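Reviewing the structure listed below.
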Amino acid sequence: MAGPLEQFTIHNVTDPLFTIGNHPIAVTNSAIFMLGAVAISSVLLLAGAGKGAMIPGRVQALAEIFYEFIGNMVRDNVGSAGRKYFPFIFSLFIFTLFGNVLGLMPYGFTFTSHIAVTFFMAASIFLAVTLIGLFKHGLRFFSLFFPHGAPLFTAPILIPIELVSYLSRPISLSVRLFANMTVGHVLLKVLAGFVVALGIFGAVPLAVLVAITALELLVAVLQAYIFTILSCIYLNDALHLH
Amino acid sequence: MTEDERKADELDRRLRDVRQAYNTGVGKPSGSTGGSAGGGGEKLGVGMRIAVEMVAGVVAGAFLGLMADRWLGTKPWLLIVGFILGCGAAFLNVYRVAQAEEKRGKAERDAVSKK
Amino acid sequence: MPVSALRASGWGAILAILPAAARAEGGMPQFDVSTFPSQIFWLVVSFALLYVLMSWLVLPRIGHTIEAREAKIQSDLDAAQKANDAARVAAEAQRKALAEARGKASATLRQTTDAAAAETTASLAAIGEKLAGKIGEAERRIAEQRAQALAGLSSLAAEIAGSVLGKLVGTVDGTQVAAKVAAAVETARKGTK
């Protein structure tokens, strides 16, 4: 039986299609699930958005719940200045949510359990948000690194700490998602191993497995939510400099 | 009071209720409170956040120190400084998460006690 | 320092700190750096695709639908409010009209009653007057007849008295007798009265 980390292995499904700066790019299982998440969510949401009925059906209601959910999140956490970024935040949530949940399906692969993906996302958001803040506020943006009303002599200590704290954002953002997804899947895999190994006595771990799977589904949704809302909060910090 | 007037008053009241519910967003599908996940999962999420914040701060500090060391050739001093700053940042981050949670919990309790 | 080099050495640093234990046990596939370019490439491609689909197709439509629904609900609520207000006004007008009609009716009734009463009184008065006239005439006639009768009576009495006297005493002065009889009749009438 494969080890609990085996499920995270990325393998090529096709031969490399082309190279980008010496790096061969092939279609991988990760790529299939990324594109699959995009395809499934787009089909679902397009179906939901398509009719635009006054009294929504199920799919439309689902699409509208997503819309209102993220719309409220952006409005509550960023304010009216965040409207511009709503499509991005919405896509971010849908992408992470479907990535997380698809990975829980049997034979699924969770691309959000890879630090390369989560860190690239977090770092891009971080960079973009920082640039937005710099463009909007110029040098005043750096007031973010010194708390209001703190005594001036604490600046030499506080500013580096705040700077490190600020720079730790993409790390915490990406590591949180990556670690949650990885730990959950490892746990499930180990428990599944118990079920198989114990045979008839595997009923108890099986029950636990079912419970953990339910919990993992919750975590998958919750982590997508947290990833998105923290992006909103960072965006709000950059736009409004608290 | 005539039957018609009573009916009109009744309709007035219902209209007012609907409008109020509509404007305050009670009747709307909304997830702005963030209560989409159950209490247990949320607590788990908060615990996880705090754990991750602690690690992330230290990692960020140490990484910056390491990079600066490589750049300036001052191994290992800036790594140590970075590590210490990272610890400070981690504490700050954890403090902020806890504070935000405290505030949110308070707001939730207020909302519950108001109802 | 170029970004890619920074990133590469950044990965190195993270790898050095985080998963040393995991790598010792055969390695976590997540830290296989050789897969990173491909992952990031597909991430960018698929996310860009999703973003384009969402921001061009899905979100405007959903937003439009929700706005249309809100507008519809608001206008329906407004219409209901307006209709209710109109109904209220109409009910008020109706009540007022009813009260007015009722007032008018009672006024008319009173007026009619008064007129009828006045007419009755007038006709009664006219009848009374007529009757009084008739009664007066009748009385006058009776008095006349009585006076006539009385006058006749006194001349008859004088005649009777003259003839009686003529039989008793012979000739009599007619006029003297008549005067005396008239005086006697007068006193008798006074006495009977």
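Of everything in the range C:25-45 that is facing chain A (nearest Cβ under 7 Å) and of a type in the set (A, V, I, L, M), the residue that is nearest to the chain's Cα centre (by Cα) is C:Leu43. Do we have any residue at all in the range C:20-37 that's aliphatic (A, V, I, L, M), in contact with a helix residue (DSSP H, G or I) (Cβ under 7 Å, 6 or more places away or on another chain) and modelled with pLDDT under 95? Yes, the conditions are met somewhere in the range C:20-37. All told, C:Gly63 falls short of being modelled with pLDDT under 50 and assigned to a helix (DSSP H, G or I).
Scanning the range A:40-54 for residues that are closer than 21 Å to A:His114 by Cα and facing chain C (nearest Cβ under 9 Å) returns a single hit, A:Ser41.
Does any residue of the range A:175-191 turn out to be buried (at least 16 other Cβ atoms within 10 Å of the Cβ), small (Gly, Ala, Ser) and within 9 Å of chain B (Cβ to nearest Cβ)? Yes: the range A:175-191 contains one or more residues that are buried (at least 16 other Cβ atoms within 10 Å of the Cβ), small (Gly, Ala, Ser) and within 9 Å of chain B (Cβ to nearest Cβ).
For the range C:75-89, a tally of residues being closer than 11 Å to B:Ala8 by Cβ and more than 9 Å from chain B (Cβ to nearest Cβ) returns 2. In the range A:10-28, of all residues being in a strand (DSSP E or B) and more than 7 Å from chain C (Cβ to nearest Cβ), the one that is nearest to A:Glu68 (Cα to Cα) corresponds to A:Asn12. Within the option set C:Ala90, C:Ala99, being of a type outside the set (Val, Ile, Thr) and surrounded by 11 or more Cβ atoms within 10 Å (Cβ to Cβ) holds for one residue only, C:Ala90.
Filtering the range C:48-58 to residues that are surrounded by fewer than 22 Cβ atoms within 10 Å (Cβ to Cβ) and facing another protein chain (nearest Cβ under 7 Å) leaves C:Leu49, C:Tyr51, C:Leu53, C:Ser55, C:Leu57. When residues in the range A:24-60 are screened for being under 21 Å from A:Gln7 (Cα atoms) and hydroxyl-bearing (Ser, Thr, Tyr), 2 of them pass.
Per the conditions (1) within 13 Å of chain B (Cβ to nearest Cβ); (2) within 14 Å of A:Ser231 (Cβ to Cβ), the sole criterion not satisfied by A:Ile89 is (1). Condition check: away from chain A (no Cβ under 11 Å) and either farther than 30 Å from A:Phe69 by Cα or at pLDDT below 90 (or both). Does B:Arg70 satisfy that? When the stated conditions are applied, B:Arg70 passes them. Only residues that are touching a residue at least 12 places away in the same chain (Cβ under 8 Å), more than 10 Å from chain B (Cβ to nearest Cβ) and surrounded by fewer than 22 Cβ atoms within 10 Å (Cβ to Cβ): list them for the range A:63-86, please. Listed by number, the residues that qualify are A:Gly79, A:Ala81, A:Gly82, A:Tyr85, A:Phe86. Among the residues making up the range B:63-86, those that are more than 20 Å from A:Pro156 (Cβ to Cβ) and buried (at least 20 other Cβ atoms within 10 Å of the Cβ) are B:Phe63, B:Leu66.
Of all residues in the range B:67-91, those being more than 19 Å from A:Ala123 (Cα to Cα), part of a helix (DSSP H, G or I) and not basic (Lys, Arg) number 16.
This table checks each residue for (1) within 30 Å of C:Ser75 (Cα to Cα); (2) within 7 Å of chain A (Cβ to nearest Cβ); (3) at pLDDT below 85.
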position	(1), (2), (3)
B:Asp4	yes, no, yes
B:Arg13	yes, no, no
B:Gly45	no, yes, yes
B:Leu64	no, yes, no
B:Val94	no, no, no
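Annotation note: of A:Ala53, A:Ala37, A:Ala31, the sole residue that is assigned to a helix (DSSP H, G or I) and more than 25 Å from A:Cys232 (Cα to Cα) is A:Ala31. A Cβ distance below 7 Å, combined with a sequence gap of six or more or placement on separate chains, defines the contacts here; from the range A:160-175, residues that are over 11 Å from B:Ala60 (Cα atoms) reach residues that are of a type in the set (S, T, N, Q) and crowded, with 24+ Cβ neighbours inside 10 Å in the pairs A:Ser174/A:Thr118.
The values are calculated or read from the model by the stated rules, or taken from the named source; none is laboratory data. The structure displayed is predicted, hence computed values, not measured ones. With ideal geometry, Cβ positions are generated from the backbone for all residues, glycine too; neighbour counts draw on all protein chains shown.
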